[in-house]
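The values are calculated or read from the model by the stated rules, or taken from the named source; none is laboratory data. Not measured: the values here are computed from a predicted model. Cβ placement follows ideal geometry from the backbone for every residue including glycine, while neighbour counts extend to all protein chains displayed. For the accessible areas, the whole protein counts, side chains as well, though only heavy atoms, and no ligand, DNA or RNA atoms are used. Shrake-Rupley method; radii C 1.70, N 1.55, O 1.52, S 1.80 Å.
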Amino acid sequence: MSQPIGNLHAVIQEIEHNWASKRLLVVGDVMLDKYIWGEVGRISPEAPVPVVRATHQSRQPGGAANVAMNLARLGAQATVIGFTGGDDDEGLLAECLRAEGIAQEFQVSAGFPTITKQRIVGGRQQMLRLDSERVGARPQRDYDKLIAASLAHLPGSHAVVLSDYAKGVLTPEVCQAVIQEARRLSIPVLVDPKTADFSRYRGATTVCPNLGELSTAARLGAPGLEAGDMEQLLSAAERMVTALDLEFLTATLSDKGIALVRPGNRLVAPAAARQVFDVSGAGDTVIAVLALCLASGLSAETAVQLANVAAGIVVGKVGTVPVEKHELLAALSPNIALHAEDKVVSRAELVTRVALWKANGERVVFTNGCFDLLHVGHITVLEKAHSFGDRLIVAINSDASVSALKGPTRPIVGETDRARVLAALAAVDAVCVFSESTPMELILATRPDVLVKGGDYNLDTVVGAQEVQSWGGQVKIVPIVPGFSTTRLIARGADKDS
């Protein structure tokens, strides 16, 4: 990441523990994305077009439904409202959403099919897209039902996203009905715009255009504005914030990152350098992360930085694919490593973090000990242990547990300080204190891929060895460094004192 996120410890705690309790409402143009996947091996003899040999098919919620998917994959509770056609594609879309635990309240509009986009992908390259839709105004009664459903879901929601794909759902009437009621209830409203005239979004918390949308909207008020002049565009964005009674404007600037704009104040979070395979759904990911951050009370600045990280993840995927919570936390890991306090975790926090690591395909290593008066021998064992995998857990005995093992004069260093010192080591990814006589409960709770013990042990004497091997894990014995031990350090200190 280009810029460090302020108060990272609180941000991580919010993502890991509190996002699951957030309820978000998404109103907008729901769609069904269909994919035909295959390989290209030749050009058709019938026309100068590639022949794609289909290998499999898939489907995925799109449009506003993809925003809800992103929210769900990030751990939140999402409800999506929009128009559908009462047809087979509506059923497929509802099935996809239910599988992700997303509530939906579709308003069937007669004569308007459920919007679908079918993409043909050869290898990692999109070859063709077929859209099935009817764009235009629905009967007023359909809008009345949609507004009533949206307002009924507002109480209890922590944030609202208006996802506009210009397919006829978010008319000025619908937008203002939702925005004004949400404002009355002090609920943040975020808008992903599509129309050039942003006036329908007046009073929202933020509008989140991409670079092209911002340029089009800005030129409505300033026809002579140069589309490629970033300074002029951001100045126009500042004026929009005041004119539209927004708290701020958030603009995705393609490879330049994301801009947070207030009158007289701007922040640009530079884009992370990643290989781009597909930008489909990147805007949905950005607004989902922004919405969750605002729902959690995080600052707009932090929200933009996190959204920027998430966007960097999703553009590296093929198709409209949501970002996962474990992917976001993994992308934050270089920053997490700089904050030792984030590595000292409770048992419950450790289990959650291990699950995220494993979901990200990382190999987890576990070791344990008292680690009283850290010395070169300890460092050698920890560095070797880390080399056996991607993430190293260090479980340390509590003060009471150390006293029971070593005698009433131990430990010399308390458990809080021991944990904090270990967490400062680059080789260590998590530190957890256990009060039992052995770390068996922690081993069973985390199910590490590798169990490491330093010293004169064998497989029969290492606690947890049989259990780790039973689930296919490995046990490694690392020899101790001769001449280094805590007992010897204590004795040497006593000799000097005498």
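Within region 226-252, residues that are closer than 18 Å to S299 by Cα and at pLDDT below 95 reach partners that are among the β-branched types (V, I, T) and open to solvent by less than 30 Å² (accessible area, probe 1.4 Å) with beta carbons closer than 9 Å, at six or more positions or on different chains, in the pairs A251/V207; A251/I258; A251/V261; T252/I258; T252/V286. Here L24 meets the list (1) buried (at least 20 other Cβ atoms within 10 Å of the Cβ); (2) part of a strand (DSSP E or B); (3) out of contact with any Ser or Thr (no Cβ under 7 Å at 6 or more places or on another chain) almost entirely, failing just condition (3). Residues of region 258-274 that are in a loop (DSSP other than H, G, I, E, B) and at pLDDT 85 or above: P263, G264. Among residues of region 39-58 that are over 16 Å from Q126 (Cα atoms) and part of a loop (DSSP other than H, G, I, E, B), those with a beta-carbon under 6 Å from a residue that is open to solvent by less than 60 Å² (accessible area, probe 1.4 Å) and not acidic (D, E) at least six positions away or on a different chain give the pairs S44/V51.
The strands (runs of 3 or more DSSP E) falling completely within region 92-190 that include 3 or more residues that are within 30 Å of G38 (Cβ to Cβ) map to 116-122, 125-132. As a summary of the residue check, R391 satisfies the conditions (1) surrounded by 18 or more Cβ atoms within 10 Å (Cβ to Cβ); (2) over 20 Å from L356 (Cβ atoms); (3) in contact with a Phe, Trp or Tyr (Cβ under 9 Å, 6 or more places away or on another chain) except for the one numbered (2).
To keep it simple, each residue is scored yes or no on (1) in contact with a strand residue (DSSP E or B) (Cβ under 9 Å, 6 or more places away or on another chain); (2) small (G, A, S).
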site	(1), (2)
V161	yes, no
D164	yes, no
R183	yes, no
D192	yes, no
A196	no, yes
A222	no, yes
L225	no, no
A236	no, yes
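When the criteria are applied in full, G75 fails the requirement of being modelled with pLDDT of 95 or more and surrounded by fewer than 20 Cβ atoms within 10 Å (Cβ to Cβ).
Scanning region 105-121 for residues that are open to solvent by less than 50 Å² (accessible area, probe 1.4 Å) and β-branched (V, I, T) yields T114, I115, T116, I120, V121.
Being in contact with an Asp or Glu (Cβ under 7 Å, 6 or more places away or on another chain), at pLDDT 90 or above and hydrophobic (A, V, I, L, M, F, W, C) is a property that does not hold for L422. Does E14 count as open to solvent by less than 30 Å² (accessible area, probe 1.4 Å) and either touching a residue at least 24 places away in the same chain (Cβ under 8 Å) or within 22 Å of the chain's Cα centre (by Cα) (or both)? Yes. Every condition in (1) open to solvent by 70 Å² or more (accessible area, probe 1.4 Å); (2) of a type in the set (S, T, N, Q); (3) closer than 30 Å to A300 by Cβ holds for Q176 except the one numbered (1).
Among the numbered conditions (1) closer than 18 Å to N397 by Cα; (2) open to solvent by 20 Å² or more (accessible area, probe 1.4 Å); (3) modelled with pLDDT under 85, the only one that G377 does not meet is (2). Scanning region 122-147 for residues that are among the charged types (D, E, K, R) and loosely packed, with under 12 Cβ neighbours inside 10 Å yields a count of 3.
Could you check, for region 420-440, whether at least one of its residues is over 36 Å from the mean Cα position of the chain (by Cα), more than 21 Å from L350 (Cβ to Cβ) and not hydrophobic (A, V, I, L, M, F, W, C)? For region 420-440, residues over 36 Å from the mean Cα position of the chain (by Cα), more than 21 Å from L350 (Cβ to Cβ) and not hydrophobic (A, V, I, L, M, F, W, C): absent. Listed by first and then second residue, the pairs with beta-carbon distance under 8 Å, at least 6 apart or on different chains, first residue in region 275-300 and more than 16 Å from V160 (Cβ to Cβ) and modelled with pLDDT of 75 or more, second open to solvent by 40 Å² or more (accessible area, probe 1.4 Å) and not in a loop (DSSP other than H, G, I, E, B), are G283/N210. Of all residues in region 447-462, those that are closer than 13 Å to G473 by Cα have Cβ atoms under 6 Å from Cβ atoms of residues that are open to solvent by less than 50 Å² (accessible area, probe 1.4 Å) and polar (S, T, N, Q), 6 or more apart or on another chain, in V452/T367. Given the structure, is V468 open to solvent by less than 60 Å² (accessible area, probe 1.4 Å), among the aliphatic types (A, V, I, L, M) and at pLDDT 95 or above? So V468 passes the test. Only residues that are open to solvent by 80 Å² or more (accessible area, probe 1.4 Å) and hydroxyl-bearing (S, T, Y) were counted across region 225-259, and they come to 2.
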